[in-house]
Amino acid sequence: MNDTILLTGGTGFVGMELIARLLEREPGPDVVLAVRGEGQAGADARLREVLRRLYDAPPAAARRLRAVPADLTAPELGLSDADRRDLAACVTHVVHCAATISFTQSLAEARETNVEGTRRVLELARALPRLQRVVHVSTAFVAGRTEGHFHETDLDVGQRFRNTYERTKAEAEHVVAGSGLPAVVVRPSIVVGESDSGWTTAFNVVYWPLQAFARGLLGEVSADPDGVVDLVPVDRVADLLLAATFDPGAAGTLHAVAGEHALRVRDLAAQASATLKRPPPDLRAPQGPGDDAIGSVLAPYFDVRVTFDDRRAAALRPPAAEAFAGLVSTIVDYAQAARWGKRPLTRQAARARIAASR
Ligand SMILES: NC(=O)c1ccc[n+]([C@@H]2O[C@H](COP(=O)([O-])OP(=O)(O)OC[C@H]3O[C@@H](n4cnc5c(N)ncnc54)[C@H](OP(=O)(O)O)[C@@H]3O)[C@@H](O)[C@H]2O)c1
């Protein structure tokens, strides 16, 4: 019987890249997307929307995909008894990618999705007789405001958190660690577009200051020039998710990060300046927590003092140095072609565009 992946978060940026990569595997697994939607018809509509965002013409392998309606915040994920029985009969791997990634939710709201939602996914996983592996997508920013080096084995290091997102993702990791399930945790840093095509569906975090800079709105930025900007292309994250799911040697926590390839704020400014042919912005050290200059509003992660160790992830899947070189210019090029999200291309079209330019 074929492997079957149950994937949460398949309608999101990281989840979509993973779906595309799972469909590229031949022979590949069946994939069941647990998505928010009104009943089966709503779930099917969400699946069609995912395919529309990925492809101009979906591949034949898309027949390996189906969707079930589910909500992290509902008791027992809101799954019907029939869907539960069906999942128990076939699911071999669970990839839990869904989360609220808002930095501004109340602690109670963020906990309901990120902590209790994870608990519900793990309860479901425990009831799957064919289960081989659970992969939990966390964030490297469970490190919070740690300064220095944060290891894949670190979790509680006395850190303070910037927001409820970081806090609840760290709490969710404790739930995973206490579950006793065969779980692998993957912690991406700041996920950006593909390293070759630049394709993304999410124009947030680092895209905000880049877009403002492209429009000439960012002459002065409140940011520490030595701050670390760890950008990881989504294809590297997907590589590690696939390894975490299928590789017998995958265990513990893996950092999906730039690591030694991480930029400093001054490098990001210089590369953006060269790409956009604008004079570099004036980098001004933040004046403190009350500093609400444009840079700190647009770029909540420009005060980072932590570097991420990724030795375990690199041993499992060595990162390609070229995936990080030129990344800023690649993601800016795609963002401009997609008008910063106003006219997105499908992943297929973005990849064809880059293939044609070579
Ligand atoms: N993007 C980054 O820079 C980054 C960095 C580090 C870690 N991560 C982690 O990577 C994972 C995916 O992030 P992303 O960037 O792909 O985020 P995203 O694009 O916002 O996608 C979030 C996904 O979670 C789903 N979701 C949210 N609340 C849900 C609920 N109550 N029930 C069911 N599904 C729900 C969303 O479904 P809807 O379509 O219905 O909203 C969507 O599919 C998250 O765990 C995140 O913490 C992301």
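Rule-based calculations on the coordinates, nothing more; no lab input. Small disclaimer: the values here were computed from a predicted structure and weren't measured. Reconstructed Cβ throughout: ideal geometry from the backbone, glycine too, with neighbour counts over all protein chains shown.
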Quiz item: Taking a spot 7 Å from the Cα of Ala108 along the direction of its beta carbon, which residues of the stretch 139-175 have an amide N less than 17 Å from it?
Solution: 164-165, 168
Quiz item: Any idea which of Leu345, Thr139, His151 is furthest toward the positive side of the dipole for the stretch 4-352, if Lys and Arg beta-carbons carry +1 and Asp and Glu beta-carbons -1?
Solution: Leu345
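List Ser329, Ser222 from most exposed to least, where exposure is judged by having the fewest other Cβ atoms within 10 Å.
On the way: Ser329 15, Ser222 21.
The most exposed by this proxy come first: Ser329, Ser222.
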Practice problem: Sort Asp156, Asp247, Asp310 so the one with the fewest other Cβ atoms within 10 Å of its own Cβ comes first. | Solution: Asp156, Asp247, Asp310
Self-check item: Rounded FRET efficiency, nearest 0.05, which uses the C-beta distance separating Ser357 from Asp282 and R0 of 30 Å
Solution: 0.35
Quiz item: Dividing the convex hull volume of the Cα atoms of the chain by its residue count, what figure in Å³ per residue is obtained?
Solution: 135 Å³
Practice problem: Enumerate the residues in the stretch 72-113 having an amide nitrogen under 20 Å from the point lying 7 Å beyond the Cα of Gln40 toward its Cβ. | Solution: 77-91
Quiz item: Okay, helix-only estimate at 222 nm for the chain: each DSSP H run of n ≥ 4 adds -39500 (n - 2.57), divide by all residues, round to 500 deg cm²/dmol; what do you get?
Solution: -11000 deg cm²/dmol
Quiz item: Within the stretch 315-345, whose backbone N sits under 13 Å from a point 7 Å along Cα→Cβ of Asp56?
Solution: 345
Quiz item: Among Pro69, Pro59, Pro344, which one moves the most in a GNM of the chain with springs linking Cα atoms closer than 10 Å?
Solution: Pro59
Quiz item: To the nearest 20 debye, what is the magnitude of the charge dipole of the stretch 4-352 about its Cα centre, counting +1 on the Cβ of each Lys and Arg and -1 on the Cβ of each Asp and Glu?
Solution: 720 debye
Exercise. Tabulate in residue order the Karplus-calculated ³J(HN,Hα) for the stretch 150-164, using 6.51 cos²θ - 1.76 cosθ + 1.60 with θ = phi - 60°, rounded to whole Hz; enter x for Gly and Pro.
Key: 10, 9, 5, 8, 7, 9, 9, 10, x, 6, 9, 9, 6, 7, 5
Quiz prompt | Angle in degrees between helix 347-356 and the longest Cα principal axis of the chain, rounded to the nearest 10 | solution = 50 degrees
Quiz item: Based on the Cα gyration tensor of the stretch 1-130, what are the three equivalent ellipsoid semi-axes, each the root of five times an eigenvalue, rounded to whole Å and given largest first?
Solution: 23, 18, 13
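To make sure I understand, if each residue's beta carbon is the centre and we count other beta carbons within 10 Å, what order do Met16, Met1 fall in, fewest to most? Please list the in-between numbers first.
Working: Met16 24, Met1 8.
Exposure proxy ranking, most exposed first: Met1, Met16.
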Self-check item: Approximate spin-label separation Ala274-Arg215, in nm, with each point projected 7 Å along Cα-to-Cβ
Solution: 2.7 nm
Exercise. Take the alpha carbon atoms of the stretch 114-146, find their center, do the same for the stretch 61-102, and report the distance between the two centers in whole angstrom.
Key: 13 Å
Quiz prompt | Space enclosed by the convex hull of the alpha-carbon atoms of the stretch 136-267, per residue, Å³ | solution = 132 Å³
Quiz item: Any idea what angle helix 81-90 forms with the longest principal axis of the chain, computed on alpha-carbon atoms, 0 to 90 degrees, nearest 10?
Solution: 80 degrees
